[in-house]
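Asker: Let me begin by handing over the structure; questions about it come next.
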Amino acid sequence: MNPCDAQHFSVFYEKNAQSLFRYLYYTFGKEAEAQDIAQNVFVKIWEQCHKIDGTKIKSLIYTMARNEALNIIKHEKVVLEFSATSPDRNNQEYQTPEFLIEQDEFKSKLEKALSSLKPQERQVFLMNRMDGMKYQEIADNLGLSVKAVEKRMHHVLVALRAQIKGFNR
Amino acid sequence: MEEQETYLSDWLDGSINDQALKALVGEAEFREYQSITTELNRWIAPEFKGDLTFLDQPKKKKIPVRALWVRWSVAASVLLAIGLFVFQGFSKQVIATTGEELVYVLPDNSTARLSPGSELSFSSWGFAWKRTISLSGQAFFKVAKGATFTVESDQGFTQVLGTEFTVHSRGNYYQVRCFEGSVEVKIDQNKYVLAPYQWVDNLNQAVERFEGAENSPLSYWSVPLSVVLADIEAVYGIEIDRAVVQPSWIFTGKLDHDNLNQALNQALWPFNLEYKFVSEHKILLQPTQ
């Protein structure tokens, strides 16, 4: 693509802005900062479009976002929060107070377990699980091998299961 | 051995089905994995709220470098060169050792904040006229108003009036960032005049803007990773085997100066590198698995 062409740029933005923002949120857990950084990355690309190699632009935005975030976001404990769709209203079994409470508890345990993961494992896992990104695409965006992505996916699920078991004890 | 296995990632992307995973891990463990993925399916991540209105605004223009400064500075350099021969005073040395940060007040009330593992020297009599300092390592200068103030290193030299700037000279690398006033930098045969928030180094040899970075030790704008690692060595008194580091890897950001592990993580993570201690003071870098 030609990053100086407004048409090309808009298409690229529509396709990638959401994913880039999510990547930042999954990694650093700060929503407001992630919004600003993702937007700024695209503004910078647009302003300096003539310097940018259109073929490498996808991994470039991830690198820029990561560097910017490390500059701005302090190393603190990551707190991730997700909203959730309500359970199936037509199925009586899923409407009992016991079920709803249990589901709520499980959600906060899983959020806590995710927050305690290494950022580079959590980001890969959530990009795949929440945004449906393929391993190959994650690997390309973050400059990793597919094998590395697969190892992280495996390890995260092992770690999450162990954490949640730990909370239950 | 478990780290080498990826059957869970195969299951997550559908390469193996539920039955196959059950056969591998058993019914109970399978259910636990499934409860995690089912719960995640119900979740909704926050939405990106940016927009494209910036496409309609005119782009920022680069700040032009003023020719007058250059001419003035050339004149100043000539005077300074003469001054250098006239005043060869007794040398005073200031050293910030490994792990120590040091603020030194020069005879004219200018201050130099030395990062750990840095060294400066100047002529103790005649400094009032000459104001020339030799530096190796990194220092942030706040210069009192007055005659030209010069910082020399092996790779280049920097001249200023009243201003604030950082000189970073480590090994063969040389970078100057200007925070206030104007700074003239000479690298090889070329001269660069920096306005506030501009920087230049001896790799790119072009004046560019930087943003928001602090003028504190271990804060970097577009510096080769190998230079950053050399600073970490000086600050923490360790040795880093950095055979895997590519010359093209450039770091921007700020590192902790009182927590080695944190600093290493901050520096290495963007490049997907990990570190391990091979002995108490020696660290080996390797790609993250």
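The values are calculated or read from the model by the stated rules, or taken from the named source; none is laboratory data. Predicted model, so just to flag it, every value in this text is computed and none were measured. Positions of Cβ are backbone-derived with ideal geometry, glycine not excepted, and every protein chain shown enters the neighbour counts.
Asker: Can you name the condition, by its number, that B:Ser219 falls short on among (1) under 23 Å from B:Gln262 (Cβ atoms); (2) small (Gly, Ala, Ser); (3) over 12 Å from the mean Cα position of the chain (by Cα); (4) surrounded by 19 or more Cβ atoms within 10 Å (Cβ to Cβ)?
Answerer: The single condition B:Ser219 does not satisfy is (3).
Asker: Yes or no: A:Tyr13 without any contact (Cβ under 8 Å) to a residue 40 or more places away in the chain, of a type in the set (Phe, Trp, Tyr) and facing another protein chain (nearest Cβ under 10 Å)?
Answerer: yes
Residue-by-condition table, conditions (1) more than 19 Å from A:Val41 (Cα to Cα); (2) in contact (Cβ under 8 Å) with a residue 12 or more places away in the chain; (3) part of a helix (DSSP H, G or I); (4) in contact with a Phe, Trp or Tyr (Cβ under 7 Å, 6 or more places away or on another chain):
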{"residue": "A:Lys56", "(1), (2), (3), (4)": "no, no, yes, no"}
{"residue": "A:Ala69", "(1), (2), (3), (4)": "no, yes, yes, yes"}
{"residue": "A:Leu114", "(1), (2), (3), (4)": "yes, yes, yes, no"}
{"residue": "A:Lys165", "(1), (2), (3), (4)": "yes, no, yes, no"}
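Yes/no per residue for (1) in contact with a Lys or Arg (Cβ under 7 Å, 6 or more places away or on another chain); (2) touching a residue at least 60 places away in the same chain (Cβ under 8 Å); (3) within 8 Å of another protein chain (Cβ to nearest Cβ); (4) outside any strand (DSSP E or B):
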| position | (1), (2), (3), (4) |
| --- | --- |
| B:His257 | no, yes, no, yes |
| B:Asn261 | no, no, no, yes |
| B:Trp269 | no, no, yes, yes |
| B:Tyr275 | no, no, no, no |
| B:Val278 | no, no, no, no |
| B:Leu284 | yes, no, no, no |
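Asker: Filter the range B:221-255 down to the residues that are more than 20 Å from B:Arg177 (Cα to Cα) and among the charged types (D, E, K, R), then identify the one that is nearest to the other protein chains (Cβ to nearest Cβ).
Answerer: The extreme case among them is B:Arg242.
Rundown of residues vs (1) surrounded by fewer than 15 Cβ atoms within 10 Å (Cβ to Cβ); (2) more than 9 Å from chain B (Cβ to nearest Cβ); (3) in a helix (DSSP H, G or I), yes/no style:
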{"residue": "A:Lys74", "(1), (2), (3)": "yes, yes, no"}
{"residue": "A:Val78", "(1), (2), (3)": "no, yes, no"}
{"residue": "A:Gln120", "(1), (2), (3)": "no, no, yes"}
{"residue": "A:Leu126", "(1), (2), (3)": "no, no, yes"}
{"residue": "A:Glu137", "(1), (2), (3)": "no, yes, yes"}
{"residue": "A:Lys151", "(1), (2), (3)": "no, no, yes"}
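Asker: Considering only the range B:175-191, I want to know if a residue exists there that is within 20 Å of B:Leu268 (Cα to Cα) and either among the hydroxyl-bearing types (Ser, Thr, Tyr) or surrounded by 18 or more Cβ atoms within 10 Å (Cβ to Cβ) (or both).
Answerer: The answer is no, given that none of the residues of the range B:175-191 is within 20 Å of B:Leu268 (Cα to Cα) and either among the hydroxyl-bearing types (Ser, Thr, Tyr) or surrounded by 18 or more Cβ atoms within 10 Å (Cβ to Cβ) (or both).
Asker: Among the numbered criteria (1) on the phi > 0 side of the Ramachandran plot; (2) at pLDDT below 85, which one does A:Asn168 miss?
Answerer: All conditions are met except number (1).
Asker: Please determine, by comparing only the residues of the range B:10-48 that are in contact with a Ser or Thr (Cβ under 8 Å, 6 or more places away or on another chain) and assigned to a helix (DSSP H, G or I), which one is farthest from A:Glu150 (Cα to Cα).
Answerer: The qualifying residue farthest from A:Glu150 (Cα to Cα) is B:Arg42.
Asker: So, A:Ala65, is that one touching a Leu at 6+ places or on another chain (Cβ under 6 Å), touching a residue at least 12 places away in the same chain (Cβ under 8 Å) and within 11 Å of chain B (Cβ to nearest Cβ) or not?
Answerer: Here the answer is yes, as A:Ala65 does meet what is asked.
Asker: Considering (1) modelled with pLDDT under 90; (2) facing chain A (nearest Cβ under 8 Å); (3) loosely packed, with under 11 Cβ neighbours inside 10 Å; (4) more than 37 Å from the chain's Cα centre (by Cα), say which one B:Glu5 fails and leave the rest.
Answerer: (3)
Asker: Check A:Asp53 against each of (1) of a type outside the set (Gly, Ala, Ser); (2) more than 11 Å from chain B (Cβ to nearest Cβ); (3) within 23 Å of the chain's Cα centre (by Cα) and name the one condition it does not meet.
Answerer: Failed condition: (3).
Asker: Considering only the range A:1-16, how many residues are in a helix (DSSP H, G or I) and under 21 Å from A:Ala65 (Cβ atoms)?
Answerer: Qualifying residue count for the region: 9.
Asker: Give me a count of the residues in the range B:49-93 that are part of a loop (DSSP other than H, G, I, E, B) and at pLDDT 60 or above.
Answerer: Selection size over the range B:49-93: 8.
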